[in-house]
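Nothing in this text is a laboratory measurement; each read-out follows from the coordinates by a stated rule. Here the structure is a predicted model, which means the values were calculated and not measured. As a convention, Cβ positions derive from the backbone with ideal geometry for all residues, glycine included, and neighbour counts pool all protein chains shown.
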Amino acid sequence: MGLREEVVGITKFCVHPAQWFQSKHRVGGTKTLHIETIKALQPDLVIASKEENNQEQIEQLASQFPVWISNMQTVSEALNMIKSVGQLVGKEENAIQIAHSIQSAFSAFAAEEKGASKRVAYFIWYRPWMCAGNDTFIHDMIQQLGWQNVFENTSRYPEVTIEQLQEAAPDWLLLSSEPFPFKEKHVLELQQIFPQAKVALVDGEMFSWYGSRMLKAIPYFKTWLNDLHKR
């Protein structure tokens, strides 16, 4: 949005841009904030996440500083979030431009994928296997891309058995880089069980990081699909 020096604190998971990760004050992780560090920074605005942050800590900060809390489960809500933050920080025009660029790219990609109707299982954890179900940003991302989540009738992040996976019969089994760091050995394990399906590693940031990171999503998906179809 054009903010640089104005950003005074980030979490230990805010790894982009790299120079900020090296130079900005780190205020803990999303689950355990360093309250005293934040207080010392005297922020004019704290941006929090309902899904990630601890309610008690956010309420403690809200008693002293303006706090804006994001709560997103869809791409549309993420675009509204970008515009809302733009208004809060005096960068509304920049925010609208970012949101428009993301929306245009997603709409064009979905049009290209129309009729593909790929059935997808998106894995986030190993032993037990866990996939993204309904009521998640990942689920809406899959839908926005023109694909179908085979676990769309389950809530949040269900544990699934191999038998349930076989019954769901996904065309693609996507293994995310986060929160569990799936590797090629996990791809081989599932490929043996599902020889007719495509099993592949994917960048979890592109499926679940709402915000300006979504600008990079569609170029990533196009390259990823091209590589997948070559297999």
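Test Ser177 against the criterion of being over 15 Å from Pro128 (Cβ atoms), in contact (Cβ under 8 Å) with a residue 40 or more places away in the chain and touching a helix residue (DSSP H, G or I) at 6+ places or on another chain (Cβ under 7 Å), and give yes or no.
Criteria not met by Ser177.
Within the stretch 132-153, is there a residue that is among the aliphatic types (A, V, I, L, M), touching a Leu at 6+ places or on another chain (Cβ under 6 Å) and buried (at least 16 other Cβ atoms within 10 Å of the Cβ)?
Checked the stretch 132-153: no residue is among the aliphatic types (A, V, I, L, M), touching a Leu at 6+ places or on another chain (Cβ under 6 Å) and buried (at least 16 other Cβ atoms within 10 Å of the Cβ).
Hey, can you tell me all the residues within the stretch 180-197 that are surrounded by 14 or more Cβ atoms within 10 Å (Cβ to Cβ) and farther than 21 Å from Pro128 by Cα?
Hits for the stretch 180-197: nothing passes.
Among the helices (runs of 4 or more DSSP H) lying completely within the stretch 132-231, list those that include at least 1 residues that are touching a Phe, Trp or Tyr at 6+ places or on another chain (Cβ under 6 Å).
137-144, 204-208, 217-229
For the stretch 5-44, give me each residue that is touching a residue at least 40 places away in the same chain (Cβ under 8 Å) and surrounded by 14 or more Cβ atoms within 10 Å (Cβ to Cβ).
His16
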